[in-house]
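Here the structure comes first, spelled out in structure tokens, and everything after it is commentary.
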């Protein structure tokens, strides 16, 4: 089965070239048939040198594509990329490659050979291993996921991990049931809608390394946004 891995980026000139080359090298070794996969760099509103660096990578490697998304928003970048994809499997991971790349073949196999519709990485499983995470971020993550379960009645363990994959045939139906978020909450919204539609979901425990040096997330502001988004999402629960 073919697959596209989307990397949403915003002003990532400092690390883009290095990180994409690491991912490309890994995929070349793990999936040697080059026409089987593609890396999509989804630039959603960068105003630094990100676009030019991404374009240079595209010129060098046929398996890399640049997608320009005119407005900011991780969710918008993913929806734009996935809606244009012709691959059998679509998914995404963060540019910092916080999720260990060894989980990539596991996610692929779950969808290609084990009958799952969607795979999501989780940092909260007892078999997961989280490296370098501050206590503040750990507590925030656990509180957020507890809120999801109690307020929305969901069962998935980690709505925020940036490592998710699904069979492309499910993208349009999920969009049709109003996966409306264009921001970070889209990742969580996707899981809730998939669960409510009865898709077969694979929970994948991961090794995850927190890149605290490059994190630009304002936790208090993000929390307010997530709470508001959860309220909207609850109105669409069957």
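Summary of computed values
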| item | result |
| --- | --- |
| Stokes-Einstein diffusion coefficient of the range 1-97, Kirkwood radius over Cα pairs, 4 °C, 1.567 mPa s, in µm²/s | 98 µm²/s |
| Part-to-part distance (alpha-carbon centres) for the range 3-58 and the range 105-123, which is given in Å | 22 Å |
| Approximate spin-label separation residue 71-residue 33, in nm, with each point projected 7 Å along Cα-to-Cβ | 3.8 nm |
| Gyration tensor (alpha-carbon) shape descriptor, the range 123-204, a/c threshold 1.5 | prolate |
| The chain: angle of helix 103-112 to the longest principal axis, Cα-based, in degrees nearest 10 | 80 degrees |
| Among 171, 131, 74: highest mean-square fluctuation, GNM of the chain, C-alpha pairs under 10 Å | 131 |
| Residue with peak Gaussian network fluctuation, the chain [Cα springs, cutoff 10 Å], from 30, 81, 141 | 30 |
| Cα gyration tensor shape of the chain, rounded if a/c is under 1.5, else prolate or oblate by comparing a/b with b/c | rounded |
| Where labels lie 7 Å past Cα in the beta-carbon direction, separation of residue 127 and residue 60 in nm | 3.6 nm |
| Contour minus Cα-Cα distance for residue 109 and residue 49 (0.36 nm per residue) | 18.0 nm |
| Degrees separating the helix 135-147 axis from the principal Cα axis of the chain, which is the longest one | 60 degrees |
| Choice from 77, 42, 112 with maximal GNM fluctuation in the chain (Cα, 10 Å cutoff) | 112 |
| Projected label distance in nm at residue 147 and residue 235, using a 7 Å step from Cα toward the beta-carbon | 1.8 nm |
| Ellipticity estimate at 222 nm from DSSP helix runs (n ≥ 4, -39,500 (n - 2.57)) divided over the chain, nearest 500 | -12000 deg cm²/dmol |
| Efficiency of FRET between residue 220 and residue 196 - r from beta-carbon atoms, R0 35 angstrom, step 0.05 | 0.75 |
| Full-stretch length increase - residue 1, residue 102 - with 0.36 nm per residue and alpha-carbon distance subtracted | 34.5 nm |
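Laboratory data are not the source of any read-out in this text; all were calculated from the coordinates shown. Only a predicted model underlies this, so the values are computations on that prediction, with no experimental measurement involved. All Cβ positions, even for glycine, are placed from backbone atoms using ideal geometry, and neighbour counts span all protein chains on display.
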